[in-house]
Amino acid sequence: MDKTFTQKLSDIQSIADDLPSALIIHEVETLQIVYMNSVGLDILGTTLDELQAMGPETYHVKYFNTEDSNEYVPKILHLIKSKTQEQVSYFQQVRVPDNPEWQLFVSNTKVFARNEAGDAAYLLTIASRLDPVHHITTKVNRLMNENAFLRHNNLLFLTLTRREKEILKYIAMGMSSAEISAKLFIAPATAETHRKNIKNKLHLKNNYDAVMFAQAYNLV
């Protein structure tokens, strides 16, 4: 580590344990954790030596919902390539000891130090846990679940025709095949065939599944 980074790290360490949030410094090239304050280590129930020994990939899989990475990794990669002093913010679901439920954190990342060529060498992240009973936490969790649903089911949804998407909307609204046929001026048998095709294409088990698709794709 160069002198500039060493001095900056020392300065950060002098106040990091007084912060109300987790503070993490990663090396860009290896993604290895160089430093984590006591707040972050206490949240994860581990030590810096243990984190460094397990390696970046195991660390990420053990403590974080990896599906979230589809949202924030591109942001961080853009940040690394950028020569500006911008920062990125994002939500993360974190697994903490003795709690089976994901804990929601809001994180902010920026370049902490650059090498002589001006390339990002180290990243600094501050992560704060959101109050699980706060209404905004519920909303954010719902949005993140919807995003995960979209990623998992987008290929299935794309198999639907325009008419099937229209009928899916009415299925989600609780309409019967007879009601759909009257609404769209089609034969009841045709409406029933569309319903069966939609069920097969999307692997729907019940009306709740239909509602999930319709809400995720803004049909209702």
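Go through 50, 57 for me and flag whichever is open to solvent by 70 Å² or more (accessible area, probe 1.4 Å), at pLDDT 90 or above and over 20 Å from the mean Cα position of the chain (by Cα).
Numbers: 57 fails: over 20 Å from the mean Cα position of the chain (by Cα).
Result: 50 is the single residue among 50, 57 that is open to solvent by 70 Å² or more (accessible area, probe 1.4 Å), at pLDDT 90 or above and over 20 Å from the mean Cα position of the chain (by Cα).
Looking at 183, 199, can you tell me which residue is part of a helix (DSSP H, G or I), touching a helix residue (DSSP H, G or I) at 6+ places or on another chain (Cβ under 7 Å) and open to solvent by 70 Å² or more (accessible area, probe 1.4 Å)? Spell out the reasoning first.
Details: 199 fails: touching a helix residue (DSSP H, G or I) at 6+ places or on another chain (Cβ under 7 Å).
None of the others qualify; the one that does is 183.
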Next item on the list: Read through the list (1) in contact with a Gly (Cβ under 9 Å, 6 or more places away or on another chain); (2) loosely packed, with under 14 Cβ neighbours inside 10 Å, then give the number of the only condition that residue 24 fails.
Entry: (2)
Next item on the list: Would you tally the residues in segment 75-91 being touching a residue at least 40 places away in the same chain (Cβ under 8 Å) and either more than 21 Å from the chain's Cα centre (by Cα) or loosely packed, with under 15 Cβ neighbours inside 10 Å (or both)?
Entry: 1
Checklist line | Of all residues in segment 108-124 being open to solvent by less than 40 Å² (accessible area, probe 1.4 Å) and either within 17 Å of residue 11 (Cβ to Cβ) or not in a strand (DSSP E or B) (or both), the one that is modelled with the lowest pLDDT | finding: 118
Item checked: Hey, residue 90 under 13 Å from residue 125 (Cα atoms), modelled with pLDDT under 95 and not aliphatic (A, V, I, L, M) or not -> yes
Notebook entry, point to check: (1) open to solvent by 70 Å² or more (accessible area, probe 1.4 Å); (2) in a strand (DSSP E or B): which one isn't true of residue 105, the others all being true?
Noted result: (1)
Item checked: Cβ pairs under 9 Å, 6+ apart, first in segment 162-191 and on the phi > 0 side of the Ramachandran plot, second open to solvent by 60 Å² or more (accessible area, probe 1.4 Å) -> 174/207
Next item on the list: Take the residues in segment 202-220 that are in contact (Cβ under 8 Å) with a residue 12 or more places away in the chain and open to solvent by 70 Å² or more (accessible area, probe 1.4 Å), then tell me which one is nearest to residue 170 (Cα to Cα).
Entry: 220
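Report yes if some residue within segment 64-71 is assigned to a loop (DSSP other than H, G, I, E, B) and of a type outside the set (A, V, I, L, M); otherwise report no.
Here is the first cut: in segment 64-71, the ones assigned to a loop (DSSP other than H, G, I, E, B) are 65.
In the following step, the residues that additionally are of a type outside the set (A, V, I, L, M) were identified as 65.
Yes, some residue in segment 64-71 is assigned to a loop (DSSP other than H, G, I, E, B) and of a type outside the set (A, V, I, L, M).
The values are calculated or read from the model by the stated rules, or taken from the named source; none is laboratory data. Please read all numbers here as calculations on a predicted model, not as lab measurements. Quick reminder, even Gly has a Cβ in these numbers, built from the backbone with ideal geometry, and neighbours come from all protein chains shown. The area values use the complete protein model at the heavy-atom level, side chains included, leaving out ligands, DNA and RNA. Shrake-Rupley method; radii C 1.70, N 1.55, O 1.52, S 1.80 Å.
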